Amino acid sequence: MISMQMTDPTETRRFYGLSDLRLVGQQIYYEQLSFWLNPIGAVFTIGFPLVFLILLGASAGSSRVKILGNIKLIQYYVPGFVAFGVMSACFTTLAIVLVNRREEGLLKRLRLSPLPTWALLGSVFASTLLVAFVQVIVLLAVGRLGFGVHLPTNIGAFVVAVVVGGLSFTALGAAISTLIPNPDAAGPVTNVVFFVLLFLAGLWFPIKAGSGLAQFSSFFPIRHFIVAVFAPFNPGASPWAWHDLLIVAIWGVAACAFAVWRFRWAPYRNK
Amino acid sequence: MRKNAGPAVSVKNLRKSYGSLAAVADVSFEVEPGEVFALLGPNGAGKTTTIEILEGFRSRDAGVVEVLGVDPDNRRTQRWLRSQMGIVLQELAVEPFLSVRQVLTRSAGFYPDPRPVDEVLGMMGLADKAGARVKTLSGGQQRRLDVGLGIIGQPELLFLDEPTTGLDPSGRRATWELIRQLGGEGTTVLLTSHYMDEVEALAGRVVVLAGGQIVASGTPDSIGGRDTGVATIRFRLPDGVSAADLPVAGQPAQDGEIEIRTEDEVAVLHTLTGWALGRHVGLPGLTVRRVTLEDVYLQLTRDPDETGRTRQEQLR
């Protein structure tokens with residue numbers, strides 16, 4: 001029986017269930033294509049953490065870290081570079097992609113298409129997280145097969161740490177993209193911010209808890225994220241670094257609010 | 001699918017300011033379904049702001065706007081409206097690393113009843129580039145792809161913001177043909193352009209904007225009194241004839257030709273050619289030129305002069 005209620009064809013819902021989900025699936029597919037077909041993006045995002053891990057892993061040899069219960073240095077580097085990989089995909093790459101697309105007018109064009117905003121941005125973020133996931137798998141595989149590092153003892157804690165970090169750094173990437181008016185500046189600005197904070201966070205050399213550097217970097221989310229990813233690998237301590245995860249999540253929520261407030265679709269150069 | 005039987009676009013007393021700057025100050029016009037309508041004006045005249053308000057990209061400060069019968073600001077009908085509109089922006093906005101076919105297929109997926117991708121490739125002359133990456137295309141080819149993305153959803157209403165900027169002459173002609181074809185199919189086209197010949201060749205009606213206001217509107221061949229205004233007659237003096245011998249008063253122009261400006265060119269030409277026939281002399285290089293759309297446009301959009309007169313007053 002056909003409904004007697006006349007519906008206005010011009011009134012549209014914001015969500016059409018399956019057909020909208022299929023639309024998002026298609027967008028994620030094209031986002032992935034666009035990422036992997038961009039040689040520079042793919043090489044920098046995936047290649048950088050990998051090359052660093054291999055170089056540092058090779059030079060670390062059998063060094064051990066006294067301040068972390070005398071574990072092998074490479075056992076510290078693998079979780080560190082997993083964190084680096086996630087941040088590189090979600091923060092740096094996403095920020096650069098968003099600035100470029102905004103300034104090229106691509107965001108504006110998509111905004112004016114019938115694709116709902118949530119589907120448009122949702123697929124960009126989902127695709128970013130997918131790249132981060134690939135990154136994590138590659139780094140773990142190289143750590144395990146190349147350097148004989150043992151995998152996280154608590155998989156659940158590891159996955160939670162990576163997901164919380166992935167979401168938070170995605171939000172941070174979106175937030176910083178709103179502060180960069182010019183696509184030429186996008187790469188340098190995000191990379192400088194990122195690498196300085198990475199250095200201070202003790203990615204290259206483990207830093208002592210309670211030291212001045214540790215106190216300084218404990219303000220930023222990067223060190224907390226590294227600590228949270230490291231915890232499930234560390235047999236001598238609890239796999240759940242709740243305190244650090246909470247700080248990463250707070251940064252994520254704040255960045256999310258900031259990005260929503262500042263986000264713009266049109267290029268900055270058009271006023 | 002239309003919500004109403006009225007105009008495709010209706011704008012009444014539209015206003016939009018950025019801070020203290022009135023980008024659009026009291027603009028009203030209507031676009032009929034199936035019409036090719038042009039907004040003409042210099043940079044900063046308010047064209048893009050007006051179009052962005054119609055597209056639902058920008059909100060307005062005041063005025064009534066209906067696009068295909070709905071308010072573009074109404075979020076409840078926005079998704080429907082966007083499925084009925086095609087938009088070509090000023091900047092080239094195409095994903096650089098995907099192929100032409102991938103870009104078109106992706107966009108086709110947004111619309112309920114898209115044009116087949118191969119048809120669009122053919123219409124835009126990009127069939128042999130279907131597999132090429134967007135970044136390897138020439139500027140003109142990218143622009144054609146951009147226009148192709150605007151029409152893939154079979155839009156009821158197409159916004160074209162300077163669609164031929166950056167195209168070579170043959171690319172421009174091809175785009176004109178396409179716009180005529182779409183107009184013939186009943187698509188309403190709202191066009192902005194800097195090119196007078198483009199507006200003259202395509203638009204049924206034109207509105208000239210300057211400083212956020214409409215300074216003239218009408219058909220391209222009547223706007224600003226083009227059909228009734230002054231005509232310029234020019235020729236070279238025949239051998240052995242001086243300007244004083246002419247039956248009508250003329251001014252020597254800079255290049256040595258004689259120039260006569262008149263609102264009654266038929267009578268002046270009759271006198272002049274009758275005189276020449278009687279004297280058995282020619283009028284070498286004789287031309288009659290009515291003001292071009294470009295002349296009218298430049299006059300209409302001139303900045304307010306030192307006496308502080310508005311643009312409309314300057315025209316009187």
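Miscellaneous remarks
- Size of charge dipole - chain B - debye, nearest 20, with Cβ of Lys, Arg +1 and Asp, Glu -1, no other charges: 980 debye
- Positive-end extreme of charge dipole, the protein assembly as shown - chosen from B:A201, B:F110, A:N154 (charges on Cβ): A:N154
- Taking the Cα centre of segment B:1-93 as origin and assigning +1 to Lys and Arg Cβ atoms and -1 to Asp and Glu Cβ atoms, the resulting dipole is close to 340 debye.
- The protein assembly as shown: proportion of alpha-carbon pairs further apart than 44 angstrom, %: 38 percent
- Charge dipole of segment A:183-271 (Cα centre as origin; +1 on each Lys and Arg Cβ, -1 on each Asp and Glu Cβ, all else neutral): 340 debye, rounded to the nearest 20.
- Computed extension length for B:A62-B:S217: 53.6 nm, one decimal, from 0.36 nm per residue of separation with the Cα-Cα distance subtracted.
- With contacts taken as Cα pairs under 8 Å and at least 6 residues apart, chain B reaches a relative contact order of 19 percent.
- Residue ranges A:244-250, A:91-97 sort as A:91-97, A:244-250 when ordered by packing (mean number of other C-beta atoms within 10 Å per residue, highest first).
- FRET E, pair B:R173, B:A243, Förster distance 51 Å, beta-carbon r, rounded to 0.05: 0.75
- Summary of packing: across the peptides A:225-233, B:58-66, the per-residue average of other C-beta atoms within 10 Å ranks them, highest first, as A:225-233, B:58-66.
- Expressed in units of 2.2 N^0.38 Å, where N is the residue count, the Cα radius of gyration of segment B:9-218 is 1.00.
- With the simple model of a label 7 Å out from the Cα in the direction of the Cβ, A:N182 to B:A132 spans 3.1 nm.
- Here the protein assembly as shown carries DSSP beta bridges of which approximately 65% are antiparallel, counting only pairs with both residues inside.
- Kirkwood-based Rg to Rh ratio, segment A:94-162, C-alpha trace: 1.19
- When you work out D = kT/(6 pi eta Rh) for segment B:230-290 at 25 °C and 0.890 mPa s, using the Kirkwood radius from C-alpha pairs as Rh and the Stokes-Einstein form, the result is 212 µm²/s.
- Pairs of Lys in the protein assembly as shown closer than 23 Å at Cα, counting only those 8 or more apart or on different chains: 11
- Segment A:18-270, Rg to Rh (Cα coordinates; Rh as Kirkwood inverse mean 1/r): 0.98
Read the figures in this text as sums done on the coordinates, not as results from a lab. Because the structure is predicted, anything quoted here is derived from the model rather than measured. Note that we place each Cβ from the backbone using ideal geometry, even for glycine, and neighbour counts take in every protein chain shown.
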